[in-house]
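Since the structure comes first, as structure tokens, the remarks are kept for the end.
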Amino acid sequence: MISPQDLIERITSAATTDDCVVVISEKTQANLRWANSTLTTNGVIAERSITVIAFIAVDGGMAAGSVTRTDINIGDIPTVLAEASAAAKASGAAEDFVPLAKSVVSGTWQDAHNPTGPEVFAKIAPDLGDMFARSVADKIELFGYAEHTNATTFVGSKGGLRLRYDLPVGRVEMTGKSHQRTRSTWDGIATRDFSNVKIANIDANIRERLNWQAKKIDLPAGRYDTIMPSGTVTDLFTYMMWSSAARAAHEGRSVFSKPGGGTRIGEKLSNVSMQLFSDPAYKEIASLECAPFVANASSGPFSSVFDNGQSVKRTDWLKNGELTSLIQTRSSAAATKLPYTPISDNLIMKVDNGTGSLSDLVKKVNHGLLLTTMWYIRMVDANTLLLTGLTRDGVYYVKDGEVQGATNNFRWNDSPVSVLSRVIHAGATEWTQAREWAGDIDRAAFPPLVIKDFNMSTVSPGS
Amino acid sequence: MSKTVDADFLALPLSAISDAAISTGTSGGASHVDIRIERTRTGYLQLRDAKPETQADDTTAGIGVRVIVNGAWGFASSPEISIDVAKKLAVTAVAMAKTSKPLSTDEISLVAEPVYANKTWVSKYEIDPFSVSDSEKKDRLASLSSKLLAAKGVNHASAHTMFVKEQKHYADSHGTSTTQQRVRMQTQIDAISVGSHGFESMRTLAQPAGFGWEWMRNDVYDWDSEIEKLPALLAEKVAAPSVTPGRYDLLIDPTNLWLTIHESIGHATELDRAIGYEANYAGTSFATVDKLGTLKYGSPLMNITGDRFTDHGLSTVGYDDEGVAGQEWDIVKDGILVGYQLDRRIAAHVNRDRSNGCAFADSPAHVPIQRMPNVSLKPNPAGPDLNAMIESIEDGIYILGDKSWSIDMQRYNFQFTGQQFHRIKNGKLAGQLKDVAYQATTTDFWGSMKVVGGPSTYVLGGAFNCGKGQPGQIAAVSHGCPAAIFDKVNVLNTVAEAGK
């Protein structure tokens, strides 16, 4: 296949439109999946996505149209450019038009994509095999997934954009079940290269949690002080970010809309001094860095093809508990008369004076629940951002600072925006792995939190 | 007129590429080799207040090669389609199988399937959506959106259409070789009201299906008629009283019930889930194998089938992604669990003679896994029409359209909302309610089904975005069903749930 850099040079040179942006994602991945303590599937994957965006001046502004292909040969270039141009003309003047960036350079443009492969698992495979064998001997069934991806993004344009970023990402997930699957628990580790993955730690955690489930305590539905691990907090607030488009808020169509018009920016949403931010250059916790520029294959509520090549810097979504920014394109920033605050590829939450681990938080709770993860999180009411979901793979009753035993699962109905104002305790921020949104949010650091009166709506018989 | 597979896909050296992968894999020690050469083109157009906001035209193509070596799987894929790449992928897949063998204690085997050589199948559609100009598509959505925006009480309109053409060539080392082409479409249009009440929306009830662009004409689905009614329905919903939580008889329209079937029956009867293959991700199932033939899933009125036959069904194919011919079978009969969804590996795992053809991969980069066929509730041939069903209810709610959905990891506890909630009082519709969600346990809910509508109430519903597997895969699936009445179901008030 032709190299991404060569392809971009050829496409942008051949383009006769007012401008042309090419976004190429080159991705290689290796994955392992297991169930019942044996491997079930695996794969070595190579993927390429090439998006050609044509920009054409039309009455009333600029039109944009795009075509995406997995493979474009040199002979296909005229056809692809013609298709992108036709799409632009059909769309007409774009609402999100703002002048495109030109002559911006970032990253080591000429280097080839660095592929990953199954050898990346060499660091964990022997230990994983040992864990399988010991688990079978101890009548513990293991189910899980390990994945490693190297993704390289190239953005080039007729106007001189030459931007490139490499992003390795991986994770290990492990579900352990025992006692005829009446006990179940989960652990997840985010990684870039598996050097931080200790299978022995996962094994110990799985076994400890399964042992906690020896004692069963039935509890009714109701509102409980709830201890959420950092991964669960990530799942909850990732959904909140997906409802944080500035334009929708400005138009009155969001939980972040002010009654009577405008956004709730400036409003104190949290009862604690909480910081929620994205920062491509974040180094305080290793491995959270991400692309410092915009690479958009299409426009939408959170993105604009006209923003390609714009730099992305730290944005505070919540500062000291106050809503400070919502997700903007440059076009929506102009419409809302607010600063341009593009979405980034990481999300970090900190609570001032938040210290200690999940175990430390357990010690602070007199009567409450400790969750493992949440699942099937969906929107119920966008006005309040009421979400619903289930608890999964272990809910524990905590009394006087100690885990008493396992209780039943619950269906919950609550809003992350409301949760912001009900923080009782917060731990230290840690690099964490989301459960439901694994793959959607790959670079996250959150603290474990204790939330007052979380709404467990009904008991779920699922285990 | 029956369609054929596009000439430019057939012009690819499909047989030569397949033969190269199969011979290379076999030479490397594989007891089974299969290869998929795929090209899927997806178009997407989103209009915001009748103006284009998002446009995409995305083609994913490539090769996926899967092998079994010494009882272990190996898989490799590439976006490049060529004979040389096919050979390299076979070598990589064989190496992956050998590498993974130490972690594979379960010997992989596949149940047998007759050989189908050089078979071609094309879904039923009239107009290839990619043959329709971008302008025509935009103009159709803009016209429908503009009608909404012109209506009193509508502040915004959102419209999107998504259209897919999927082409697959499958071949395996046993001699099967199939080439197929499917087309599907989905369009949804929302009317939105913003005001002192906050904001509220009302969406069209049109269901995605295996149609081409003809689906956007009024003779297949009456778009103009539905758009005309939407503003008044939205205005009524905005002014509607908030529901009083409690237990109600629910008359559930097929435009809502399809999703309840999908979540509480479709996923629960995937045998790979039931035996634990999805335990780390999508979950397991309460409908375990030991309950086959005895589990009372629902009332005796409940008859559920799985099929890959239904005309315009989103899961309809000639052959699945393991070369198994499309079939139809019972899943629930007279309320009792009698069947599962299978692929060849899972069928072998549970000692079945044959797969019922549910293997699917959403891209050449992913391995085929067991995915959902069309799972449908049979209408009662002598059942009532919609008016008779409404007239039979003294105190209840008629629910149309899907919105929010969630179910637990064993498919027990679910909660759904909808687009429209009409109060029924003494056999008559008595205005809309809002803030409604219904919540139940699967077997209680289906056990409470006391009336199944007749054929006149039957609609084929479905979705493009059913997720499963790691790495994650998406599949389109249809669910046909009649309207049905459920006895005393728990209804929540979503505002109260939010603590307001």
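What follows is calculated from the coordinates using simple rules that are stated; it is not laboratory data. Note that the structure is a prediction, hence the values are computed from the model and not measured. Cβ sites come from the backbone with ideal geometry, for glycine too, and all protein chains shown count toward neighbours.
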**Request:** Enumerate by residue number the GluC sites (Glu not before Pro) in the range B:151-258 meeting two conditions: DSSP loop (anything except H, G, I, E, B), and at most 11 other Cβ atoms within 10 Å of the site's Cβ.
**Result:** none
**Asked** Counting every Cα pair in the range B:1-69, what percent are over 20 Å apart?
**Response** 53 percent
**Request:** Find how many whole Å separate the alpha carbon centroid of the range B:23-37 from the alpha carbon centroid of the range B:430-496.
**Result:** 43 Å
**Extension gain (nm, one decimal) between A:Asp127 and A:Thr16, 0.36 nm per residue minus Cα-Cα** = 34.3 nm
**Asked** Span-like helices, chain B: DSSP H, alpha-carbon axial extent 18 Å or more, mean Kyte-Doolittle -1.0 or greater, which ones?
**Response** B:14-27, B:83-100, B:134-149, B:223-239
**Message:** Within 15 Å, Cβ to Cβ, of B:Lys229, how many net charges do the neighbouring residues add up to if Lys/Arg are +1 and Asp/Glu are -1?
**Reply:** -3
**Item:** Ranked by how many other beta carbons lie within 10 Å on average, peptides A:298-307, A:10-19 from highest
**Value:** A:298-307, A:10-19
**Averaged over B:282-289, number of beta-carbon atoms from partner chains that fall within 10 Å** = 3
**Rel. contact order, % - alpha carbon contacts under 8 angstrom, at least six apart, the range B:246-324** = 14 percent
**Asked** With +1 on each Lys and Arg Cβ and -1 on each Asp and Glu Cβ, how big is the dipole of chain B about its Cα centre, in debye rounded to the nearest 20?
**Response** 460 debye
**Fill in**
In whole Å, largest first, the alpha carbons of the range B:347-500 cover along the principal axes 53, 45, 25
**Prompt:** What Kirkwood radius, in Å to one decimal, follows from the Cα pairs of chain B?
**Reply:** 24.0 Å
**Message:** Please state the shape class of the range B:37-91: rounded when a/c is under 1.5, otherwise prolate if a/b exceeds b/c and oblate if not, all from the C-alpha gyration tensor.
**Reply:** prolate
**Request:** Obtain the nm distance between the two label points defined at A:Asn271 and B:Ser456 by a simple spin-label model: each point lies 7 Å from its Cα along the Cα-to-C-beta direction.
**Result:** 5.7 nm
**Shape parameters for the range A:252-348, alpha-carbon atoms, Rg then Dmax in Å** = 14.1, 43
**Request:** Please give the direction-averaged projected area of the C-alpha convex hull for the range A:377-437, in square nanometres with one decimal.
**Result:** 5.6 nm²
**Prompt:** Looking at the square roots a ≥ b ≥ c of the eigenvalues of the Cα gyration tensor of the range B:212-357, which shape do they give, rounded for a/c under 1.5, prolate if a/b is larger than b/c, or oblate?
**Reply:** oblate
**Prompt:** How would you order A:236-243, A:441-448, A:192-199, B:370-377 from highest to lowest mean count of nearby Cβ atoms within 10 Å?
**Reply:** B:370-377, A:441-448, A:236-243, A:192-199
**Request:** Let me know the mean shielding of A:405-416 by other chains, meaning the per-residue number of their Cβ atoms within 10 Å of its Cβ.
**Result:** 3
**Request:** Report P(r) for the range B:292-352: all Cα-Cα distances, bin width 10 Å, range 0 to the bin holding the largest distance, values in whole percent.
**Result:** 21, 42, 32, 5
**Complete:** Shape call for the range A:1-96, from the Cα gyration tensor axes a ≥ b ≥ c (a/c under 1.5 means rounded, otherwise prolate when a/b beats b/c, else oblate), comes out prolate
**Fill in**
Mean other chain Cβ within 10 Å across B:83-93 is 1
**Fill in**
Between the residues B:Met162, B:Ile127, A:Val104, the Cα farthest towards the positive end of the dipole of the protein assembly as shown, that dipole coming from +1 and -1 charges on the beta-carbon of Lys, Arg, Asp and Glu, is from A:Val104
**Asked** So if we plug the beta-carbon distance of B:Asp487 and B:Asp224 into 1/(1 + (r/R0)^6) with R0 = 41 Å, what FRET efficiency do we get, rounded to 0.05?
**Response** 0.65
**Fill in**
At R0 = 51 Å the Cβ-Cβ FRET efficiency linking A:Gln404 and B:Lys51, nearest 0.05, sits at 0.30
**Prompt:** How high is the relative contact order of chain A, in percent, with contacts defined as C-alpha pairs under 8 Å that are six or more residues apart?
**Reply:** 16 percent
**Request:** Can you list which of the trypsin sites (Lys or Arg not before Pro) found in the range A:213-322 are DSSP loop residues with at most 13 other C-beta atoms within 10 Å?
**Result:** A:Lys215, A:Lys283, A:Lys313, A:Arg314
**Request:** May I ask for the percentage of alpha-carbon pairs in the protein assembly as shown that lie more than 38 Å from each other?
**Result:** 45 percent
**Message:** As a test of the definition: which semi-axes, in Å, follow for the range A:329-424 when you take the square root of five times each eigenvalue of its alpha carbon gyration tensor? Largest first, please.
**Reply:** 33, 19, 12
**Message:** Just to be sure I understand the model, the point goes 7 Å from the Cα along the line to the Cβ. What's the resulting B:Ile474 to A:Ala335 distance in nm?
**Reply:** 2.3 nm
**Request:** Enumerate the whole-percent occupancy of each 20 Å bin, from 0 to the last occupied one, for all C-alpha pair distances of chain A.
**Result:** 23, 51, 25, 2
**Prompt:** What is the range B:26-107's relative contact order, in percent, from Cα pairs under 8 angstrom and six or more apart in sequence?
**Reply:** 27 percent
**Item:** Residue-count net charge about A:Phe194 - beta-carbon cut-off 13 Å; Lys, Arg +1, Asp, Glu -1
**Value:** 0
**Item:** Test item: Cα-centred dipole of the range A:134-286, Lys/Arg +1 and Asp/Glu -1 on Cβ, debye
**Value:** 220 debye
**Length gained when the stretch B:Phe464-B:Glu394 is fully extended (0.36 nm per residue, less Cα-Cα span)** = 21.6 nm
**Fill in**
Surrounding charge for B:Ala239, neighbours by C-beta under 15 angstrom, Lys/Arg +1, Asp/Glu -1, total +1
**Prompt:** So how far apart, in nm, are the two label points at B:Leu149 and A:Lys215 if each is 7 Å from Cα heading toward Cβ?
**Reply:** 6.4 nm
**Contour excess over end-to-end distance, with Cα ends at B:Asp385 and B:Glu236 and 0.36 nm allotted per residue** = 51.1 nm
